[in-house]
Amino acid sequence: STAEAETVAATDASKDAVWISKLISEMDKEPTSVTLYTDNQPCIQIAKRLGAQSRTKHIDVRHLFVQELVSEKKIKIAYCPTKSMKADIFTKALQKSKHQEIVRELGLIELPK
């Protein structure tokens with residue numbers, strides 16, 4: 001299911017976010033709050049433990065680590081509408097206009113040949 005796939009991805013991303021946050025704090029910098037954005041409402045419900053637990057029985061426990069991080073307030077998980085999801089440029093085929101819009105928003109430039 002997409003909820004399972006998004007939850008697995010959220011767990012992987014949250015592990016990286018916590019690692020980066022620890023790295024920043026080890027450099028004597030104040031770590032910033034980490035917010036993980038997703039366009040999948042069931043994933044948010046699973047991460048916040050709002051969904052029915054019977055629906056997540058098939059998801060391996062290691063993929064539910066995101067729940068622990070959210071409950072410990074080490075990360076936040078928030079909704080981002082699909083039309084505003086900049087990460088789509090890395091994961092989906094987009095229409096040319098949408099691709100150009102995200103490239104512009106990310107500040108990407110074409111390298112000279």
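The values are calculated or read from the model by the stated rules, or taken from the named source; none is laboratory data. Since the model is a prediction, treat every value here as computed from it, not as a measurement. Don't worry about glycine lacking a Cβ; one is built from the backbone with ideal geometry, like all the others, and counts go over all protein chains shown. Note: areas computed on protein heavy atoms with side chains; ligands, DNA, RNA excluded. Shrake-Rupley method; radii C 1.70, N 1.55, O 1.52, S 1.80 Å.
Would you confirm whether or not the range 23-42 contains a residue that is small (Gly, Ala, Ser) and under 13 Å from the mean Cα position of the chain (by Cα)?
Keep residues of the range 23-42 that are small (Gly, Ala, Ser), which gives 25, 33.
The next check asks that each one be under 13 Å from the mean Cα position of the chain (by Cα); those that pass are none.
No: zero hits.
Which residues, taken from the range 43-56, are modelled with pLDDT of 65 or more and more than 14 Å from the chain's Cα centre (by Cα)? Show your work before the answer.
Restricting attention to the range 43-56, the residues satisfying the condition of being modelled with pLDDT of 65 or more are 43-49.
Residue satisfying the conditions is 49 alone.
Out of the residues in the range 19-44 that are outside any helix (DSSP H, G or I) and within 13 Å of residue 76 (Cβ to Cβ), state the one that is most open to solvent (accessible area, probe 1.4 Å).
Narrowing the range 19-44 to residues outside any helix (DSSP H, G or I): 27-40.
Restricting the remaining residues to those that are within 13 Å of residue 76 (Cβ to Cβ) gives 32-38.
Working: 32: 101, 33: 79, 34: 32, 35: 52, 36: 32, 37: 133, 38: 9 Å².
So the residue we want is 37.
Considering 25, 14, 21, which residue is touching a residue at least 24 places away in the same chain (Cβ under 8 Å) and over 24 Å from residue 91 (Cα atoms)?
Values: 25 fails: touching a residue at least 24 places away in the same chain (Cβ under 8 Å); 14 fails: over 24 Å from residue 91 (Cα atoms).
The match here is 21.
When residues of the range 1-12 are filtered for being crowded, with 17+ Cβ neighbours inside 10 Å and either of a type in the set (A, V, I, L, M, F, W, C) or within 14 Å of residue 69 (Cβ to Cβ) (or both), how many remain?
First, the residues of the range 1-12 that are crowded, with 17+ Cβ neighbours inside 10 Å: 3-4, 6-11.
Now narrow it down to the ones that are either of a type in the set (A, V, I, L, M, F, W, C) or within 14 Å of residue 69 (Cβ to Cβ) (or both): 3, 7-11.
Within the range 1-12, residues that are crowded, with 17+ Cβ neighbours inside 10 Å and either of a type in the set (A, V, I, L, M, F, W, C) or within 14 Å of residue 69 (Cβ to Cβ) (or both) number 6.
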